[in-house]
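First comes the structure, then the notes that go with it.
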Amino acid sequence: MSYTVTQVAALTNAAPVSFADAQAFAAQWNVSTKSVISKVKNLDLPYIPKPKAAKKVAPVTKAQLVAQISVVLGVNLDGLVASKADALVALLDAVSPVID
């Protein structure tokens, strides 16, 4: 799509353009947000992207749960690794107060 001189001026005056700004311009001009962002970058205007989602924390493995339970009880429980994770979490919760 070709942008008009007025639209280019509006983008230039709005610099730096954020993702929210790009969405607003897109709605106003009936174009896609991606098109507005592309035009901003093509004009070498500063662009502030939307924040990325936080990375997910790696879940605790069953082996780690068994190791924690083993430390609490002071016993080797490597055979419990085959157990279901929710059962291991429940067991760890049940034995943790023993130390507290």
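Bear in mind that the values in this text are calculations on the coordinates, not laboratory data. None of the values given here were measured: they were computed from a predicted structure. Every residue, glycine among them, receives a Cβ derived from its backbone with ideal geometry; neighbour counts consider all protein chains shown.
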*Please determine, by comparing only the residues of segment 11-35 that are in contact with a strand residue (DSSP E or B) (Cβ under 7 Å, 6 or more places away or on another chain) and closer than 18 Å to M1 by Cβ, which one is surrounded by the fewest Cβ atoms within 10 Å (Cβ to Cβ).*
L11
*Can you name the residue in segment 36-60 that is touching a helix residue (DSSP H, G or I) at 6+ places or on another chain (Cβ under 7 Å) and part of a helix (DSSP H, G or I) and, of all such residues, is surrounded by the most Cβ atoms within 10 Å (Cβ to Cβ)?*
V36
*asked:* Tally up the residues in segment 66-100 that are surrounded by 14 or more Cβ atoms within 10 Å (Cβ to Cβ) and hydroxyl-bearing (S, T, Y), please.
replied: 2
*Here are some residues: A14, A27, A10, A67. Which one is of a type in the set (G, A, S) and within 30 Å of D86 (Cα to Cα)?*
A67
*asked:* For the list (1) without any contact (Cβ under 8 Å) to a residue 12 or more places away in the chain; (2) among the aliphatic types (A, V, I, L, M); (3) surrounded by fewer than 16 Cβ atoms within 10 Å (Cβ to Cβ); (4) part of a helix (DSSP H, G or I), I need the number of the one condition that A63 fails.
replied: (1)
